[in-house]
1. Could you pull out the residue among Ser15, Ser81 that is open to solvent by 40 Å² or more (accessible area, probe 1.4 Å), over 26 Å from Leu133 (Cβ atoms) and in contact with a Leu (Cβ under 9 Å, 6 or more places away or on another chain)?
2. What is the one condition in (1) at pLDDT 95 or above; (2) over 15 Å from Leu141 (Cβ atoms); (3) open to solvent by less than 20 Å² (accessible area, probe 1.4 Å) that Ala112 does not satisfy?
3. Could you tell me which numbered condition His7 fails, if it satisfies all but one of (1) out of contact with any Leu (no Cβ under 9 Å at 6 or more places or on another chain); (2) part of a loop (DSSP other than H, G, I, E, B); (3) modelled with pLDDT under 90; (4) over 22 Å from Gly136 (Cβ atoms)?
4. Any residue in region 27-39 that is under 13 Å from Leu63 (Cα atoms) sitting within a Cβ distance under 8 Å of a residue that is open to solvent by 70 Å² or more (accessible area, probe 1.4 Å) and outside any helix (DSSP H, G or I)? List the pairs, counting only those 6 or more apart or interchain.
5. Answer with yes or no whether Leu40 is in contact with a strand residue (DSSP E or B) (Cβ under 6 Å, 6 or more places away or on another chain) and either surrounded by fewer than 18 Cβ atoms within 10 Å (Cβ to Cβ) or of a type outside the set (Ser, Thr, Tyr) (or both).
Amino acid sequence: MSTPESHRSLPGAGSLIRRLDAVDEQPEAIALRTRSYDLLLPSPTSAPVVDVGCGGGRAVAELGARGVRAVGIDASAQMISVARLRYPAADVRLGNALALPFEDGELVGYRADKVLHDLAAPEEAISEARRVLAPGGRAVLIGQDWDALVIDSDRPGLTRRI
């Protein structure tokens with residue numbers, strides 16, 4: 001759902017947003033997000049969930065379309081601006097993964113995609129997730145191994161040389 005308007009007023013962020021959109025629109029990424037939503041909330045609930053590092057707001061909007069009360073948190077004011085432009089009805093807020101704006105045990109779900117590997121102290125974010133999750137709440141953490149590259153080819157000799 002990339003739109004030119006979402007990039008125009010964000011110098012420097014447009015390139016990142018375009019790259020995230022390109023990745024997020026791939027069938028494998030869509031399937032992974034869908035699976036993360038299924039794992040996050042196996043049954044309907046009126047209690048809120050948080051998407052930490054919500055970026056442009058896609059997951060918050062998709063969870064909302066499922067009837068989930070989702071709140072997006074991102075440390076980047078530029079990303080929050082994009083999310084608000086793209087999804088005006090979405091509840092997105094500027095915030096920090098290490099100090100979430102929720103009471104102890106307020107949430108039934110915590111989702112973080114492409115976030116923990118960027119934090120200097122990811123264990124602190126996990127502690128914060130534990131604090132805001134209600135007993136029995138679920139956390140779904142998704143990360144990428146940017147140091148590995150997998151090549152799927154029908155030419156094993158070339159693949160090994162690469």
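The values are calculated or read from the model by the stated rules, or taken from the named source; none is laboratory data. It should be emphasised that the depicted structure is a prediction, and the values quoted were computed from it without experimental measurement. Glycine also receives a Cβ, built like all others from the backbone with ideal geometry; neighbour counts cover every protein chain displayed. Surface accessibility is based on the protein's heavy atoms, side chains included, excluding ligands, DNA and RNA. Shrake-Rupley method; radii C 1.70, N 1.55, O 1.52, S 1.80 Å.
1. Answer to the check: Ser81.
2. (2)
3. So the condition that His7 fails would be (2).
4. What qualifies is Tyr37/Arg66; Leu39/Arg138.
5. Spelling it out, Leu40 is indeed in contact with a strand residue (DSSP E or B) (Cβ under 6 Å, 6 or more places away or on another chain) and either surrounded by fewer than 18 Cβ atoms within 10 Å (Cβ to Cβ) or of a type outside the set (Ser, Thr, Tyr) (or both).
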